[in-house]
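The values are calculated or read from the model by the stated rules, or taken from the named source; none is laboratory data. These numbers come from a predicted model, not from an experiment. Please note: Cβ atoms are built from the backbone with ideal geometry, for glycine as well, and neighbour counts cover all protein chains shown. Only protein heavy atoms, including side chains, enter the accessible area calculation; ligands, DNA and RNA are left aside. Shrake-Rupley method; radii C 1.70, N 1.55, O 1.52, S 1.80 Å.
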Amino acid sequence: GVDTAAINANIAALVAAPRAYETLLTEEALDRWLDLLAKAEIAAFDTETTSLNYNQARLVGMSFSVEPGKAAYLPLAHRYPGAPDQLDFDRTLEKLRPWLEDPARAKVGHHLKYDAHVLRNHGIRLAGCRHDTMLESYVLNSVATRHDMDSLAHHYLDIDTIKYEAVAGKGAKQIC
């Protein structure tokens with residue numbers, strides 16, 4: 001059987017881990033994270049995009065994590081008043097391409113099929129996908145009505161995530 005006490009203890013330790021988040025705005029920071037990603041047994045990966053429709057979506061940024069509580073966000077196409085200077089879009093994707101396309105570099109994410117389609121819009125073939133939490137949620141409970149990341153974080157980790165509207169606003173005043 002499944003040792004749910006051990007699983008719950010692991011989840012509690014992950015949730016309680018100290019957090020160190022970083023925004024990657026320099027070549028040095030990106031290179032340091034590329035090194036961390038290359039050495040990681042498995043890394044979490046996600047994209048931020050311009051649309052929920054993967055046929056139209058363009059990359060805005062990517063996030064990575066290599067261990068509990070340690071993560072980075074790489075803005076690639078943020079365009080708003082006061083946005084920080086960002087790394088060159090094309091050059092940065094080319095630096096990431098070897099890791100993204102390497103089937104030996106294990107990746108975990110949420111709805112990786114969407115991320116793979118978005119990356120294909122930019123000429124990158126995502127490989128090495130080992131775990132997709134959205135698919136795993138469906139396999140665990142196919143009759144559940146919600147398999148989105150916010151719902152899963154609340155259900156399994158008792159974490160209320162920051163909602164998109166809290167960052168971008170709502171309605172006519174929402175920042176695209």
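Computed quantities for the displayed model
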quantity	calculated
Heavy-atom surface of region 1-134, accessible at 1.4 Å and reported per residue (Å²)	56 Å²
Two-site FRET efficiency, Ser51 against His131, from Cβ-Cβ distance with R₀ of 25 Å, rounded to 0.05	0.50
Surface share of carbon and sulfur [accessible, 1.4 angstrom probe, percent] for region 11-125	54 percent
³J(HN,Hα) computed for each position of region 32-41 - Karplus, 6.51 cos²θ - 1.76 cosθ + 1.60, integer Hz, glycine/proline x	4, 6, 4, 5, 4, 5, 5, 8, 6, 5
For Lys70, residues with placed amide H under 5 Å, excluding near neighbours	Ala20
Residues whose placed amide H lies under 5 Å from that of His111, excluding near-sequence neighbours	Thr133, Met134, Leu135
